[in-house]
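Worksheet: the structure to be examined is printed underneath.
Only the coordinates and a few stated rules stand behind these numbers; no lab work does. Here the structure is a predicted model, which means the values were calculated and not measured. Here the Cβ positions follow ideal geometry from the backbone for every residue, glycine too, while neighbour counts run over all protein chains shown.
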Amino acid sequence: MPSIDKEAAIRLVQEQLKSYLHDDLEAWGHLQVMQFIQKSRRSGIVEPDGQGQWLRRPGTDKRDFVRGRLLDMEKLDSLLNAAAGGDKDADLEARVIAIWLRRNRQPLPDLLLDFVINLVAAGLPKPRRRLPRDIQYCIAIRRLQEFGFSPTRNREPARGRDPDAIASGCRIVSEASTLIGEPVSERAVEQIWEKYSDRR
C-alpha cells in the first residue's frame with residue numbers, strides 16, 4: 001500500500017470519525033436507555049400490559065398502538081422517593097423512564113412530570129461516550145499503520161531530530177479529533193491505544 005503524508009493521514013482520520021463516531025455514540029446511548037427500561041420491566045415499574053388502543057400521531061396519518069397501563073404508580077412513587085433521597089441508580093432509572101415515555105408519545109404522570117421539571121435546570125447527564133470513541137480511535141490507528149505510521153512516537157531524544165515533529169498514529173488521531181471538535185491529547189490517545197490495541 002502506498003505511503004501518505006501527515007496531512008493526508010489527518011484528513012483520512014477526520015473522515016472516518018465524522019462518518020462513524022456520531023452514529024456509534026447515538027447507538028450507545030440508545031442501548032443504555034433500553035437496558036434501564038428492561039430493568040424497570042423486571043422490577044414491575046414499567047408494565048406494558050392492559051387494554052390497548054390505536055392512537056393517531058399528531059400531524060401525521062400514522063397510528064401507534066398504546067397500552068392502557070404503563071406504570072405501576074406505587075412502585076414509581078417509591079422509585080422517585082429513592083431518587084430524591086440520593087439513590088443515583090433510582091435517579092437515573094426515573095430519568096430514563098421519563099425519556100422512554102415521551103419518545104413513545106406517552107403522557108408523563110404528575111409524579112414523574114414534577115421530577116422532570118426539577119431536573120430541567122441541571123440538565124440530563126450525557127451518555128457515556130468513551131468506549132465507542134476509543135474503539136474508533138484504535139480503528140483509525142490501525143488504518144494508519146497500513147500507511148506506514150507507527151502507532152506511537154519514540155520520545156527518546158535523537159540528534160538533529162525534533163521529537164515534536166514526528167508523526168505517529170496517536171498524534172494524527174489527536175490532531176484530527178481536535179479539527180472535528182472532539183479535542184483529545186496525544187497522550188490520552190496513546191493510553192487508549194495501550195488499553196485496546198490487543199483487541200480484534
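Just a few scattered comments:
- In this simple spin-label approximation, Leu108 and Leu92 carry label points 7 Å from Cα along the Cα→Cβ vector, and these lie 2.0 nm apart.
- Difference of contour (0.36 nm per residue) and Cα-Cα distance, Leu179 to Ala84: 30.1 nm
- Extension gain from Arg142 to Gln191, taking 0.36 nm per residue of separation minus the Cα-Cα distance: 16.2 nm
- Estimated inter-spin distance, Lys75 and Ile4, nm [label 7 Å along Cα→Cβ]: 5.2 nm
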